[in-house]
Amino acid sequence: MHRLRTTVARLRPAVAAHTAQSISQPRPLVVKGGLRTFQPLRCLSASVASEPFLNATSSNYVEEMYYAWLENPKNVHKSWDIFFRNANAGVPPGMAYQSPPPLSGTAQGLATCLVDFYLIDVPLAGFYGLAESDLDKVFRLPTTTFIGGTESTLPLREIIRRLELAYCQHIGVEFMFINDVEQCQWIRQKFETPGIMQFSPEEKRTLLGRMIRSTRFEEFLQRKWSSEKRFGLEGCESLIPALKTIIDKSSQSGVESVIMGMPHRGRLNVLANVIRKELEQIFCQFDSKLEAADEGSGDVKYHLGMYHKRMNRVSDKYITLSLMANPSHLEAVDPVVQGKTKAEQFYCGDIEGKRVMSILLHGDAAFAGQGIVYETFHLSDLPSYTTHGTIHVVVNNQIGFTTDPRMARSSPYPTDVARVVNAPIFHVNADDPEAVMYVCNVAAEWRNTFHKDVVVDLVCYRRNGHNEMDEPMFTQPLMYKQIKKQKGVLQKFVEKLTAEGVVTTQKYEVNQTILPYDKICEEAYTRSKDEKILHIKHWLDSPWPGFFTLEGQPKNMSCPSTGITEEELKHIGNIAASVPVEDFTIHGGLSRILKGRGNMVSQRVCDWALGEYMAFGSLLKEGIHVRLSGQDVERGTFSHRHHVLHDQNVDKRICIPMNYISPDQAPYTVCNSSLSEYGVLGFELGFAMASPNALVLWEAQFGDFHNTAQCIIDQFISSGQAKWVRQNGIVLLLPHGMEGMGPEHSSARPERFLQMCNDDPEVLPKLSDDFAMRQLHDCNWIVVNCSTPANYFHVLRRQILQPFRKPLIIFTPKSLLRHPEAKSSFDDMLPGTHFKRVIPDDGPAAASPEKVKRVIFCSGKVYYELTRERKNRGLDSEVAVIRIEQLSPFPFDLVRNETDRYPNADLLWCQEEHKNQGYYDYVKPRIRTTINRTRPVGYAGREPAAAPATGNKQTHLMELQRFLDTAFDV
């Protein structure tokens, strides 16, 4: 293989010259009906550029020909035989080519060229002077084709007929770019073998029944709600049997759970006829008078998800189907589906993806245009992210809303992005349900055989506009004139089956299916009128059985202490300081880091990294799976974590000490991600959906970088529970802090997260014994900025020990990772201790509160700069510095305690961020509400600015000193 690749690479210029010369002038071919220029019919297989042998497709083609030549030089055309002989003899590129001899006596070469040129879609240039009689000459077939079936020789006429049947009908196959001969041959066999695409009359009648249900469902909705948006499936009704075929075949192969993601179009139909959602629950969604029973905003019907376990009639096995809720950001659900699939595989021990799989549906414009598609594909074969093959189904409308493909993409096909991961692409005319069914069977077999991604491109049209209220003739008049002339796919299929005798009379056999389904819809419509209240809980896509009560509420509203015993702290700390594998050589610098951890354990203190280790390790010991993902998280961007140790002498030999804490512990997953935020955060969000009993964390390389994942944050994390009654406990770790490192390595943009919090700044909540827990239950997410390792430890453990799940946003430090004062005693982590929402001043100011002139509220790293400056100025008794560690939900009760304690002091909020950023706009009105607006709240911090931080160290220090001067101007 190495010799082959080297040879091909070395000869690439010569190959290009050879090919260019051979295809420059197509010659006439005599066929029935006269002369025509021979151009193999343009199938949808791999197209090539003007120099076809300079791309991956052609390189693969040359490799295959070279293999055939090595087996027997007669397997290739004489010109290629001479070329390879000269090349192997060392003739320089450009000189190995010789003009091809006449065709007489080159039957084998002709057959090989014909087959291969059909595959790579290049005009065949070998038919010099062929006559009608030549079509009846018999040729020996190459060993790489399956068109002969059991025959090794065929007349040229039959060769052409079979190639056109395989590649020039309603199915087009892209696979020649795949750099695996076994996989290419597998695909060839599925599409070239004569008579392979045959269905029994019973299978055709089953397919007809599915087509009828798909079509009549849309027609029923159109009759009942003609003025409502539903994003119907008209023009691609074959999607329903396509999905059911994939699920049937996969279930027969042992798949027990299928997780699906899809955009709007056809979603209600998929819910009704694939997932089997109760029809009355779908129909009642159209009632504008329906009252909402659940808290939150809810969502439109064509965004909602569903979870259902049912019997599959084809396999006679139970299968669980989950359709994930999805916002209008079409492809945003892709990585979420993959993450949930990965989690389900992980929890059931499905290490090969044989029991759990994913199906992703796409529109053609979104598939080509959305970068998240590319990010998701690139997760497909990464060890910690692979789901062992996804089946992608593209509903190819050949238009995006109002935009033509020529304006919407630069690639020939919308599916070209899939080529980057060597996924085969099966294009099929969606007006041919049997071809669709066959292709979907092959796709399911491919996934089950090779556990790699595959794409089914349903080439169809959209009979209506973007939605039922939209007028497509405004922008695509000619296209829609043609669409109006098209018979419906069901009508075409019925006529075909009637002609074949599969359906004897339309009136009897077809109506036997249509009328009962129409009756089912009518009865469900009647029942839907009885629905007075909308229960979004009926649309859950990821239920957590046993976690909540039957009413969906927490079993209690309390959280136990998040502290652990001294013995556990020491044990976990010693593991963190060790290499629990024999004969393992670590880096000298890392030896010093581990020694330092050991010293801290002996001194009963921990820094930030050790505090995190304590939290993770204790949860693992309690059976809670911990998964930490993101760019460079194994070592940590700031070289502080080192959760994965690398042997300095043995390649790929690693040690993860966290997995050596206890024999019966839960596994710890820590994985460096691809250089992606949008895709990876979506993946981790999906992973966290699968189970409430796991701590799933995503860390940004720098907090600033979360903004490329903003769609996941806005559409799924911040608003997910309100829209879909879906709780999620994902944790975002966002390194944050102004340290003169420039505008892209400083701010995690706290203001954006705080702006999306759902608490009212002007309403003081009713205080009660369970106030803190009740606040957490009612909020949409939790935002914290911890200033001590102990508080970081507690907030991570609280995330699991509290009786519900909320997303947790943590602004983590950079310089504090090694700050000598940012250490915590074991005493702050023992049983009975908790997360501190507010950390009061515990110095001289607290001892004489009536003498305090100023109370400075702050959060995070700036606390250490404030206390240093206070000490330098000798103001320890006059200024109290209070840390608000949990920003949202806002700790009204504890802030009121602090303001009451210092009745004579003025109040000031200090932050290192600019005034139009950071926490100020969120915190100020809430402090004012806490004190009933009896005192003003001042500001000390940087002035408003467009960029979040300066990149000039001197400017940074000047700004810092300026706001410190303001803070202590007492």
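The values are calculated or read from the model by the stated rules, or taken from the named source; none is laboratory data. Quick caveat: nothing in here was measured; it's all calculated off a predicted structure. Positions of Cβ are backbone-derived with ideal geometry, glycine not excepted, and every protein chain shown enters the neighbour counts.
Out of the residues in the range 844-896 meeting the condition of being in a helix (DSSP H, G or I) and within 18 Å of Pro761 (Cα to Cα), tell me which one is farthest from the chain's Cα centre (by Cα).
Keep residues of the range 844-896 that are in a helix (DSSP H, G or I), which gives 844-847, 849-851, 862-873, 892-896.
Retained after the next criterion (residues that are within 18 Å of Pro761 (Cα to Cα)): 892-896.
Values: Phe892: 38, Asp893: 40, Leu894: 40, Val895: 41, Arg896: 44 Å.
Among them, the one singled out is Arg896.
One residue is enough: does the range 724-746 have a residue meeting the conditions β-branched (Val, Ile, Thr), touching a Leu at 6+ places or on another chain (Cβ under 6 Å) and either touching a residue at least 24 places away in the same chain (Cβ under 8 Å) or surrounded by fewer than 21 Cβ atoms within 10 Å (Cβ to Cβ) (or both)? Lay out the reasoning, then the answer.
Pass one, the range 724-746, residues β-branched (Val, Ile, Thr): 725, 730-731.
From the residues that got through so far, the ones that are touching a Leu at 6+ places or on another chain (Cβ under 6 Å) too are 730-731.
Subset that is either touching a residue at least 24 places away in the same chain (Cβ under 8 Å) or surrounded by fewer than 21 Cβ atoms within 10 Å (Cβ to Cβ) (or both): 730-731.
Yes, there is a match, as at least one residue in the range 724-746 is β-branched (Val, Ile, Thr), touching a Leu at 6+ places or on another chain (Cβ under 6 Å) and either touching a residue at least 24 places away in the same chain (Cβ under 8 Å) or surrounded by fewer than 21 Cβ atoms within 10 Å (Cβ to Cβ) (or both).
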Can you spot a residue in the range 616-639 that is assigned to a loop (DSSP other than H, G, I, E, B) and of a type in the set (Phe, Trp, Tyr)?
-> yes
Would you confirm whether any residue within the range 576-594 is buried (at least 22 other Cβ atoms within 10 Å of the Cβ) and either part of a loop (DSSP other than H, G, I, E, B) or touching a residue at least 12 places away in the same chain (Cβ under 8 Å) (or both)?
-> yes
Tally of residues being surrounded by fewer than 24 Cβ atoms within 10 Å (Cβ to Cβ) and assigned to a helix (DSSP H, G or I) across the range 374-416 = 8
Can you name the residue in the range 343-366 that is at pLDDT 95 or above and in a helix (DSSP H, G or I) and, of all such residues, is farthest from Cys440 (Cα to Cα)?
-> Tyr347
Residue check for Phe804: out of contact with any Leu (no Cβ under 7 Å at 6 or more places or on another chain), under 28 Å from Leu323 (Cα atoms) and among the aromatic types (Phe, Trp, Tyr) = yes
Only one of Gly703, Gly729, Gly742 that is assigned by TED's automatic domain parsing to the domain that holds Met600 and either modelled with pLDDT under 95 or farther than 28 Å from Ile372 by Cβ (or both) = Gly703
Of (1) surrounded by fewer than 24 Cβ atoms within 10 Å (Cβ to Cβ); (2) in contact with an Asp or Glu (Cβ under 6 Å, 6 or more places away or on another chain), Val356 fails just (1)
